Structure formats: structure tokens, C-alpha cells
């Protein structure tokens, strides 16, 4: 065990040294760097491809930056969703230097290694009131493990005090390799913000493991996802 820990430490130090020598930026901005309670203009500016969000679906109207939030239609809550992607600069740097570990670390818009669709939620006065991240199904690598993102979210925000409801399957919904997850969870964080999470791992109606006509195994005919958001209470007028 000591030998293993020593090896891990050596690898970490070596990677840090290589990164420093090659002149990589210290870190890139992520969804967790957004500033609750701050105006759109004061949010990190290192993101790219801003657009109106669609709750994890394809982005719609392109935007210049967060400050264009009013061009997006408000949701039922009154908040306006702005989609964004992480900057690719650090991934390009890692590829140019042939650093496999850094390529994986900085490749795409991810959290804890899971590809996500990231969004910021603004109130009409331009204040950031929420964040939303949804598993991105466009990536095939480990797509069937997307539901495991739940474990990282509960670890980050505390495993206790979540109120979860396991929903029954609707007509046509079936397990994936014996596992069926259809769960909605909520929690009030210590600072009063509300966290909510929807976790799914199942086949929806019409999705089959084997094609009924050809008998061949299907590809990606299942849903494995996490939709997570944190929303702060809007101050009373």
C-alpha cells in the first residue's frame, strides 16, 4: 500500500511539473465558479458558445455572453436559462503537448469526468439565482454510467438530508440489465438554497435491448442521466 501511495504521489508531482514547464493555465473556469447573487456582467467570462438553454436539450438562440440573458424566454419560475460551454483552450494545449491525462481532464464540458450540458439561471434583474447541469447523451463513452453522477453530487453537497422519491415505472418502461432507477431528490442546503436532482437509468417505452426485427443488439436504446440544479430564493420585493 505504501508503494502504491508513493507511486501515485510521484505521478502527481511529475504531472504538475510537466504542466508548469509547458506553461499551461492554472485551471479553467467551470460551472462551480459561477457567482450566486452576482449580476450577469460579473460572472466568469472564460466560457464560450452562449445561447438560450432548453433544460439539457439543444441550445436555441445564440447569445454574446451572460448579459444577453433577457433574450431568453423565462421558465415557469421566472428565471431565464443561459447555456454555455467550457473553453477548449486548455484541451488544445494538452493535445499539442501530448498529455493524455490532461486531455481527458480538460476535454469537453464535464464535471467529475461526466459530460454535461451546463446552464446559468438569471432573474429578471440580471442576478444569478441558479445553476443547472444535465448529463450530455451525445457522448458514447460510459454513457450507460451517467446515473452515477448522483454519487458525486451527494458527496459534494452532503449525503444526508436528501428527500428522495422512487417513482414506479410507467407503461413500457423497463430496467437496463436488471437495474431500474427513476428517482427525484431534493435538499435544502445549509445556506438556504434548494438543490434538486432527477436520476434515471431505464429503457423508455419503445426502447429495446434487441431489435425485434433483426434480433441484433441495439445501441444506446436506454436513458441514463442526472439532471441537477441549485436555485437560490429570490428576495421579496
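Structure above, values below:
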| item | result |
| --- | --- |
| Given (1) under 22 Å from residue 56 (Cβ atoms); (2) over 19 Å from the mean Cα position of the chain (by Cα); (3) modelled with pLDDT under 95, number of the condition residue 89 does not satisfy | (1) |
| Counted residues, the stretch 183-210 - those being within 27 Å of residue 233 (Cα to Cα) and touching a strand residue (DSSP E or B) at 6+ places or on another chain (Cβ under 9 Å) | 15 |
| Test: residue in the stretch 111-130 that is within 19 Å of the chain's Cα centre (by Cα) and surrounded by fewer than 17 Cβ atoms within 10 Å (Cβ to Cβ) | yes |
| Filtered residue count, the stretch 211-230, keeping only those that are in contact with a strand residue (DSSP E or B) (Cβ under 9 Å, 6 or more places away or on another chain) and either in the same structural domain as residue 56 (by TED's automatic domain parsing) or over 30 Å from residue 79 (Cα atoms) (or both) | 6 |
| Residue 81 assigned to a loop (DSSP other than H, G, I, E, B), in the same structural domain as residue 31 (by TED's automatic domain parsing) and either modelled with pLDDT of 95 or more or out of contact with any strand residue (DSSP E or B) (no Cβ under 8 Å at 6 or more places or on another chain) (or both) | no |
| Residue satisfying all of: in the stretch 56-74; under 21 Å from residue 227 (Cα atoms) and exposed (fewer than 14 other Cβ atoms within 10 Å of the Cβ); nearest to the chain's Cα centre (by Cα) among these | 57 |
| Residue match in the stretch 125-141 (condition: more than 15 Å from residue 224 (Cβ to Cβ) and in a helix (DSSP H, G or I)) | no |
| Residues located in the stretch 146-168, provided they are in contact with a strand residue (DSSP E or B) (Cβ under 7 Å, 6 or more places away or on another chain) and either assigned to a loop (DSSP other than H, G, I, E, B) or exposed (fewer than 15 other Cβ atoms within 10 Å of the Cβ) (or both) | 161, 162, 163, 164, 165, 166, 167 |
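The values are calculated or read from the model by the stated rules, or taken from the named source; none is laboratory data. Since the model is a prediction, treat every value here as computed from it, not as a measurement. Cβ atoms come from the backbone with ideal geometry, glycine included; neighbour counts cover every protein chain shown.
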